[in-house]
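Engineer: Right, I'll just put the structure down here and ask away after.
The values are calculated or read from the model by the stated rules, or taken from the named source; none is laboratory data. Every value quoted in this text rests on a predicted model; they were computed, and no experiment measured them. Using ideal geometry, Cβ is built from the backbone for each residue, glycine included, and neighbour counts are taken over all protein chains shown. Side chains included, ligands, DNA and RNA excluded: accessible areas come from the protein's heavy atoms. Shrake-Rupley method; radii C 1.70, N 1.55, O 1.52, S 1.80 Å.
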Amino acid sequence: MKTTKWIALVLVLASVLGLCACGGGSEGGSGKPTNGQTTLQFWGWGDDVEASVFQDITNRFNETVGKEKNITVKYVQKASSSYSSDTALALSGYHTPDIIYVEDKLVKSWADAGYLAQLDNGDFTGFDFANGNGEIWENGISRYRFDPETATSSDTAPLWALPKDIGPTVLFYNASYLAQLQITEISVPQEELAAYNAANGTSYTQKGYDAANRVFNNRIPMAWEEVIELAKEMQKIDGCDYGYYNEWWFAYGWSVGGDVVQYMDEGYYKFTLNDTSKNYIVKDDVASVTVNGNTYNAGQIISYADKATLTDADKANLNELPSMYDAFLEFVALTAKEGSVVGTGSDGSEKLGYGVSMGANSLGTADAEDYFASGKFGMFVDGRFEVPTLRENMSENSKWGPGSWNVAPLPVYKEYDENGNVTVHGIAGGHSGSMGLAIAEGSENKQAAFEFLKFVAGEEGQKAQAEAGFAIPNQKALASQDVFLQPDQDPANAIVFVEAAAVQRPGDWWSLTNSEWIDDWANYLNYTVRENKATVDEMFQKYAEDTQKKLNKYTDYKG
């Protein structure tokens, strides 16, 4: 992507403002080595628990690696509400902090603005940037890669940060409600189900929620229909206003291989949230299929570009999945009043609302976890960071008590035969949040700063975060140990977070350098469509063409 003159002008002006704001470097700015000692500024944010954890991590670094290499890091807790804007202002000036947090949704814009030091350009050593030393989730590393010249992300694009954590989303559910509804709760992975049935004389199906047999299995994702069935069951309980709350469409669209935007070979981004073409996945009993010169293994979805080239012979080895448009309709139907028209499906039929969820606008300033803790929501989707709050509000200091809540995988598109065996399925999808640790381009001590990045992103720094319960370690092996799983505390099924971390990716706010292409239709979606004031069809009629025009501006494509 070309750097325009107005961006350069903004950066010059911001530099002046940043210089004034930093007060001559009293808080920001690299500390030049004095008597062989280098002092670094690390700006962080978070609640008191996270601030305490990172002060402790900083102290550990100073007492170990820092003492050995003559580096002292000073942790500065900044206001959470203004961290990103305050830090961006400082980074545009002459006196910058050395080490900063960068949200995955901001890494592209900050890299594009020249705020961040590139980590994998050969200047820094002691870390395998290609795969995170083989220890960090691949999607944890990849989300911090971005090429400002082409406005694209790939496995070979420059790396601008290391993940300090990863926050996968899962389904939180009220286990006490299951007991009240006399639904049996089990925890058996699908691959172990046959052996479990044989050993226990049971005949549980491959469903996440088997309404006919009143069984809920928290190790198997529910199909879309099962979520609705269970949510409506929970809504029969006095005090449960909505059985399910989910403000993100990602698990629905990504499960069938759809997406909101696709990068085209011609060099532009295409708006595809309204794409009505079917998706395709390689059948489980087919080893591989080659399409358009690309090989896909069993259980892999054919890419957006390649599915346009499929032949009838190819399709014989594939299962058909819903379109992105139909998946989006399914999501919107959650909050629509039961029986109301949500939109027109790709087959021409009307999609009707389920009435099992509340819209984000109706929720207002309230927090979903508070509604869940009070019993107003039977299930809700959110991240690992909710665990400390729910431990306090449900496991310890409430009417519910220990074991009253748990977690399960996000829903997946599935079809079954008459015996409850899966015949067609999508893939596990969903979004995870992440905060990156970056080095300011303006830092005068980048090598020293990188020593601290490696420490926080490494085993010791990750253990400290895991012990506090609010984050899943970026280290794969560590995430499967008791330091994170914490089997003596709720939720008992914490392994679900680990399984989600392996497959989840950043939300659509990460896709491009800013959210200008999202804001209009997303606001209309949240404040109008999901509040039963307009249909999905009306939303796309109103915004699809304009959104595409905005997307065309992100690259140099002139077609």
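Engineer: I'm trying to understand the selection: among the residues of segment 309-357, which are over 24 Å from residue 428 (Cα atoms), assigned to a loop (DSSP other than H, G, I, E, B) and in contact (Cβ under 8 Å) with a residue 40 or more places away in the chain?
Structural biologist: Correct list: 336, 337, 340.
Engineer: Looking at (1) in a helix (DSSP H, G or I); (2) under 26 Å from residue 129 (Cβ atoms); (3) in contact (Cβ under 8 Å) with a residue 60 or more places away in the chain, can you tell me which one residue 439 breaks?
Structural biologist: Unmet for residue 439, out of (1) in a helix (DSSP H, G or I); (2) under 26 Å from residue 129 (Cβ atoms); (3) in contact (Cβ under 8 Å) with a residue 60 or more places away in the chain: (1).
Engineer: Which members of segment 480-501 meet the condition of being in a loop (DSSP other than H, G, I, E, B), over 20 Å from the mean Cα position of the chain (by Cα) and more than 23 Å from residue 65 (Cβ to Cβ)?
Structural biologist: Selection gives 486, 487, 488, 489, 490, 492.
Engineer: Taking segment 337-359, which residues are closer than 30 Å to residue 375 by Cβ, open to solvent by less than 10 Å² (accessible area, probe 1.4 Å) and touching a strand residue (DSSP E or B) at 6+ places or on another chain (Cβ under 9 Å)?
Structural biologist: 342, 353, 356, 357
Engineer: Could you list all residues from segment 395-412 that are in contact with a strand residue (DSSP E or B) (Cβ under 9 Å, 6 or more places away or on another chain) and open to solvent by 30 Å² or more (accessible area, probe 1.4 Å)?
Structural biologist: 400, the sole residue that qualifies.
Engineer: For segment 76-88, which positions are open to solvent by 10 Å² or more (accessible area, probe 1.4 Å) and either in contact (Cβ under 8 Å) with a residue 12 or more places away in the chain or not hydroxyl-bearing (Ser, Thr, Tyr) (or both)?
Structural biologist: 76, 77, 78, 79, 80, 84, 86, 88, listed by residue number.
Engineer: Condition (residue is over 18 Å from residue 178 (Cα atoms) and at pLDDT 95 or above) applied to segment 229-243: is it met by at least one residue?
Structural biologist: no
Engineer: Could you list all residues from segment 129-141 that are surrounded by 11 or more Cβ atoms within 10 Å (Cβ to Cβ), among the small types (Gly, Ala, Ser) and without any contact (Cβ under 8 Å) to a residue 40 or more places away in the chain?
Structural biologist: 130
Engineer: State all residues of segment 520-559 that are more than 17 Å from residue 509 (Cα to Cα), part of a helix (DSSP H, G or I) and open to solvent by 70 Å² or more (accessible area, probe 1.4 Å); if no residue qualifies, say none.
Structural biologist: Of everything in segment 520-559, those that are more than 17 Å from residue 509 (Cα to Cα), part of a helix (DSSP H, G or I) and open to solvent by 70 Å² or more (accessible area, probe 1.4 Å) turn out to be 527, 538, 541, 542, 545, 549.
Engineer: Quick check on this structure: which one of 471, 477 is within 21 Å of the chain's Cα centre (by Cα) and open to solvent by 60 Å² or more (accessible area, probe 1.4 Å)?
Structural biologist: Checking each option against the conditions leaves just 477.
Engineer: Can you tell me which of 314, 326 is closer than 14 Å to residue 253 by Cα and open to solvent by less than 60 Å² (accessible area, probe 1.4 Å)?
Structural biologist: That would be 326, the only listed residue that is closer than 14 Å to residue 253 by Cα and open to solvent by less than 60 Å² (accessible area, probe 1.4 Å).
Engineer: Take the conditions modelled with pLDDT of 95 or more and touching a strand residue (DSSP E or B) at 6+ places or on another chain (Cβ under 9 Å) and apply them to residue 473. Does it pass?
Structural biologist: no
Engineer: Against the conditions (1) open to solvent by 60 Å² or more (accessible area, probe 1.4 Å); (2) modelled with pLDDT of 90 or more; (3) of a type outside the set (Ser, Thr, Tyr); (4) in contact with a helix residue (DSSP H, G or I) (Cβ under 7 Å, 6 or more places away or on another chain), where does residue 43 fall short? Just the number, please.
Structural biologist: Residue 43 satisfies all of (1) open to solvent by 60 Å² or more (accessible area, probe 1.4 Å); (2) modelled with pLDDT of 90 or more; (3) of a type outside the set (Ser, Thr, Tyr); (4) in contact with a helix residue (DSSP H, G or I) (Cβ under 7 Å, 6 or more places away or on another chain) except (1).
Engineer: So residue 295 fits all but one of (1) open to solvent by 50 Å² or more (accessible area, probe 1.4 Å); (2) over 30 Å from residue 371 (Cβ atoms); (3) in a loop (DSSP other than H, G, I, E, B); what number is the exception?
Structural biologist: Going through (1) open to solvent by 50 Å² or more (accessible area, probe 1.4 Å); (2) over 30 Å from residue 371 (Cβ atoms); (3) in a loop (DSSP other than H, G, I, E, B) one by one, residue 295 breaks only (3).
Engineer: Identify the residue in segment 423-446 that is open to solvent by 40 Å² or more (accessible area, probe 1.4 Å) and β-branched (Val, Ile, Thr) and, among all such residues, is farthest from residue 509 (Cα to Cα).
Structural biologist: The residue in question is 423.
Engineer: Going through segment 330-351 one residue at a time, which ones are basic (Lys, Arg) and within 19 Å of residue 527 (Cβ to Cβ)?
Structural biologist: 337
Engineer: Answer with yes or no whether residue 26 is farther than 27 Å from residue 112 by Cα, at pLDDT below 50 and among the small types (Gly, Ala, Ser).
Structural biologist: Here the answer is yes, as residue 26 does meet what is asked.
Engineer: Is it true that residue 116 is over 19 Å from the mean Cα position of the chain (by Cα), open to solvent by less than 10 Å² (accessible area, probe 1.4 Å) and free of Cβ contacts under 8 Å to residues at least 40 places away in the same chain?
Structural biologist: Here the answer is no, as residue 116 does not meet what is asked.
Engineer: OK, next. Looking only at segment 369-380, which residues are outside any loop (DSSP other than H, G, I, E, B) and open to solvent by less than 10 Å² (accessible area, probe 1.4 Å)?
Structural biologist: Once the filter is applied, which keeps residues that are outside any loop (DSSP other than H, G, I, E, B) and open to solvent by less than 10 Å² (accessible area, probe 1.4 Å), segment 369-380 yields 372, 377, 379, 380.
Results for (1) in a helix (DSSP H, G or I); (2) closer than 27 Å to residue 266 by Cβ; (3) open to solvent by 10 Å² or more (accessible area, probe 1.4 Å); (4) modelled with pLDDT under 95, shown as yes or no for each residue.
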| residue | (1), (2), (3), (4) |
| --- | --- |
| 74 | no, no, yes, no |
| 90 | yes, no, no, no |
| 121 | no, no, yes, yes |
| 127 | no, no, yes, yes |
| 150 | no, yes, yes, yes |
| 154 | no, yes, yes, yes |
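Engineer: Take residue 365 and decide whether it is touching a residue at least 12 places away in the same chain (Cβ under 8 Å), among the β-branched types (Val, Ile, Thr) and more than 19 Å from residue 251 (Cα to Cα).
Structural biologist: No.
Engineer: Kindly indicate which of 108, 164 is among the charged types (D, E, K, R), at pLDDT 95 or above and either within 27 Å of the chain's Cα centre (by Cα) or crowded, with 19+ Cβ neighbours inside 10 Å (or both).
Structural biologist: Only one candidate passes the filter, namely 108.
Results for (1) surrounded by 20 or more Cβ atoms within 10 Å (Cβ to Cβ); (2) among the small types (Gly, Ala, Ser); (3) not in a helix (DSSP H, G or I), shown as yes or no for each residue.
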residue	(1), (2), (3)
448	yes, yes, no
454	no, no, no
462	yes, no, no
465	yes, no, no
